[in-house]
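Input: a single structure, listed below in structure tokens.
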Amino acid sequence: MEKITAFVSEQLKTEVPSFNIGDTVKVHNRIKEGDKERIQMFEGTVIAKHGGGISETFTVRRVSFGVGVEKTFPIHSPNVVKVDVIRQGIVRRAKLYYLRDRVGKSAKVKEKI
């Protein structure tokens, strides 16, 4: 058991990005294609956070060409380079799954000024 906790504590990031549900974020994700490596951005609204410790994840949603796209990123993954907060949102829920059924302006989250 000690080996597992030592391994987990070794893999945790020291600087965890701080963001909340409802924030609009830009996730810098490292993509590896063959020998090449590049950074790809994914910008959207954080609709959920799950778990804790090394298995903590967050889900980001955006609408691209009229189709809703959701991606789930592990916070402590080495492939997630950084997370930039673009706008802070005002929400009253822990999970924003209701945004999946909304279209247009009703799918937006109010911005904290």
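The values are calculated or read from the model by the stated rules, or taken from the named source; none is laboratory data. Computed from a predicted structure; not experimentally measured. Glycine gets a Cβ as well: all are built from the backbone with ideal geometry, and neighbour counts include every protein chain shown. Only protein heavy atoms, including side chains, enter the accessible area calculation; ligands, DNA and RNA are left aside. Shrake-Rupley method; radii C 1.70, N 1.55, O 1.52, S 1.80 Å.
Among the residues of region 49-104, the ones that are open to solvent by 90 Å² or more (accessible area, probe 1.4 Å) and within 18 Å of GLN11 (Cβ to Cβ) come to 2 in all.
Yes/no matrix, rows are residues, columns are (1) among the aromatic types (Phe, Trp, Tyr); (2) under 29 Å from SER106 (Cα atoms); (3) in contact (Cβ under 8 Å) with a residue 24 or more places away in the chain:
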position: GLU10; (1), (2), (3): no, no, no
position: LYS13; (1), (2), (3): no, no, yes
position: ARG61; (1), (2), (3): no, yes, yes
position: PHE73; (1), (2), (3): yes, yes, yes
position: HIS76; (1), (2), (3): no, no, yes
position: ILE86; (1), (2), (3): no, yes, yes
